[in-house]
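Okay, so here's the structure we're looking at.
The values are calculated or read from the model by the stated rules, or taken from the named source; none is laboratory data. The shown structure was predicted, so the numbers you read here are calculated from the model rather than taken from an experiment. Every residue, glycine as well, gets a Cβ built from its backbone with ideal geometry; the counts of neighbours run over all protein chains shown. For accessibility, only protein heavy atoms count, side chains too; no ligands or nucleic acids. Shrake-Rupley method; radii C 1.70, N 1.55, O 1.52, S 1.80 Å.
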Amino acid sequence: MRHGATVWNGEGRWQGWTDMPLGEVGERQAERLARRLAGTDPGTVYASDLQRAADTARLALPGHPLTLDVRLRELNFGRYEGRTTDEVRHDPEYAEWQRDPWTLPAPGGGESLRGVAARLRSWAEELPAGTVTAFTHGAAVRALLCDLFGWPAPPQPGYVLPFPYRLAHTGLTRLTREAGRWILLTYNDHAHLEV
């Protein structure tokens, strides 16, 4: 699951590794998710160590043991963290990065999406058998899926990241692994937000 919304999400600011708490909207989203997950067995529960993901997990699955894992973090946006697209649009390094954010790291010590996919895949490949629930971030989920399934990630005009696939806050994506092969069951199921 993607974490609930933060104030920076509402302002269009890139958070990356900046440790932002959930905003009021994000807390309500996590509470709606909790009602949806009530009575289900989440199995082993993991979350990114960033506050917005860990707090979403705690609100959505109160009382369940939670393992934090740095590999579930969002893309590190380097020097663009805390900024909006409008604030960096005319930076020459931004234009260069946007040519291929899949392979090029974000300027100023950031990551490439390929790097994000590799660390999430490393986490996923080490998972124990059985049900696992994970709370992570939007670009992280999409980068992992592009890596697992060979989905294209071409530059998207007007968007920071090369994903034509949208992902709602607290949207559920379900996968299973059979004989070492990943299968996508659902993507971006956010019916709990439309109640």
Full extension from residue 99 to residue 86: what is 0.36 nm times the residue separation minus their Cα-Cα distance, to one decimal in nm? 3.0 nm
With all protein chains present and a 1.4 Å probe, the order of 71, 28 from largest accessible area down is 28, 71
Could you provide, to the nearest whole Å², the per residue accessible area of the range 65-195 with probe 1.4 Å? 49 Å²
What does the accessible area of residue 79 come to, in Å² to the nearest 10, when a probe of 1.4 Å is used? 100 Å²
Of every hundred units of 1.4 Å-probe accessible area on the range 1-146, the number belonging to carbon and sulfur atoms, as a percent, is 50 percent
Extension gain, residue 7 back to residue 118 (0.36 nm per residue minus Cα-Cα distance, nm): 37.1 nm
Nearest 20 debye, what's the magnitude of the dipole of the range 13-65 about its Cα centre given +1 on Lys and Arg Cβ and -1 on Asp and Glu Cβ? 200 debye
Using a 1.4 Å probe, how large is the accessible area of residue 67, given in Å² and rounded to the nearest 10? 60 Å²
Spread of Cα-to-Cα distances over 5 Å intervals beginning at zero, given as percent, for the chain: 1, 8, 16, 21, 21, 16, 10, 5, 2, 0, 0
